[in-house]
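Each remark here refers to the structure printed beneath this line.
The values are calculated or read from the model by the stated rules, or taken from the named source; none is laboratory data. Everything quoted here is computed from the prediction, not taken from an experiment. Because the Cβ atoms are built from the backbone with ideal geometry, glycine has one as well, and the counts that use them run over all protein chains shown. The protein model used for the area step is the full one, side chains on, heavy atoms only, and it has no ligands, DNA or RNA in it. Shrake-Rupley method; radii C 1.70, N 1.55, O 1.52, S 1.80 Å.
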Amino acid sequence: MEHADPEQQPPVVRPARPEDLPRLVELVHEHVAYEKSALRPPGLAERLGPQLFADGARLWVLLAEAPDGSVAGYAACSAEFAFWDARHYLHMDCLYLAEEARGHGLGAALTAAVADLARSLGLDQVQWQTPDWNEGAIRFYDRLGATGAPKRRYALAVPPSGEPAAGAGETPPTH
């Protein structure tokens, strides 16, 4: 029978605060590099702050703390609407842990906190995606009992007013 280490504290997950923005931005840049994504323009903290901390904000960031109290990871969420199901759900846009923080229960604690957030918002489902090459994340999500569905994510840049959109004039496919 395993005995809990009395000095082992349960993982701490808490909402982000304005003073967390510099560390959160560092983690976002680590996450971007980890996923081999394009660099983001400067000024991320200035753009995120008002979205996170404004009255009535619909974006939530939960932070996981390492045992020493340092911020080691984050989950970013927003409420979305599933048209086919005609209901709202919580979309977990990002979940990231610094490399040295992995394997210590922080990912499970963050995911549980995201589920608690969904519940507190009256939502009964959390949805997210991960790159198909991220086998570690896929194994982790499978162990949690989450189910996956193959899809491809697209992004379409929207030009300023007066400029034609990409693909303008093309006939959309029918299904």
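How much area per residue is accessible in the chain when the probe is 1.4 Å and only protein heavy atoms are counted (Å²)? The partial results should precede the final answer.
On the way: 12580 Å² over 175 residues.
It amounts to 72 Å² per residue over the chain.
Please identify every one of the chymotrypsin sites (Phe, Trp or Tyr not before Pro) in the range 23-117 that sits in a loop by DSSP and has no more than 12 other beta carbons within 10 Å of its own beta carbon. When the chymotrypsin sites (Phe, Trp or Tyr not before Pro) of the range 23-117 are filtered for loop state and at most 12 Cβ neighbours within 10 Å, F83, W84 remain. For the range 1-135, the residue among Y89, L63, W133 whose Cα projects farthest onto the positive side of the dipole built from Cβ charges is Y89. Compared with the direct C-alpha span, the chain from E163 to E30 gains 44.5 nm at full extension, assuming 0.36 nm per residue. With 0.36 nm allotted per residue and the present C-alpha distance subtracted, the E135-F81 stretch has 16.6 nm of extension available.
For the chain, what is the charge dipole size about the Cα centre, in debye to the nearest 20, if Lys and Arg each add +1 at the Cβ and Asp and Glu each add -1 at the Cβ?
Working: 15 positive and 24 negative charges, 107 e Å.
Dipole size: approximately 520 debye.
Building the convex hull from the alpha-carbon atoms of the chain and averaging its projection over directions returns 14.5 nm².
Add +1 for every Lys or Arg and -1 for every Asp or Glu among the other residues with Cβ under 11 Å from the Cβ of Y74, and state the total. Can you show the working numbers first?
Details: positive: R14, R23; negative: D20, E26, E30, E65, D93.
Residues close to Y74 contribute a combined charge of -3.
Checking every one of the chymotrypsin sites (Phe, Trp or Tyr not before Pro) in the range 114-150 against DSSP loop status and a limit of 12 other Cβ atoms within 10 Å picks out W133. At the residue level, D132 shows approximately 130 square angstrom of accessible surface with a 1.4 angstrom probe and all protein chains present.
Per the 1.4 Å probe, what fraction of the accessible area of the range 1-90, in percent, lies on carbon and sulfur atoms? Roughly 58 percent of what the probe reaches on the range 1-90 is carbon or sulfur.
Count neighbours as other Cβ atoms within 10 Å of each site's Cβ, and list the trypsin sites (Lys or Arg not before Pro) in the range 70-155 that are DSSP loop with at most 16 such neighbours.
On the way: sites: R87, R102, R119, R139, R143, K151, R152, R153; in loops: R102, K151, R152, R153.
Here the sparse-neighbourhood loop sites are R102, K151, R152, R153.
Pop the C-beta distance of R102 and A57 into the FRET formula with R0 = 35 Å and round what comes out to the nearest 0.05. My answer for the efficiency is 0.75.
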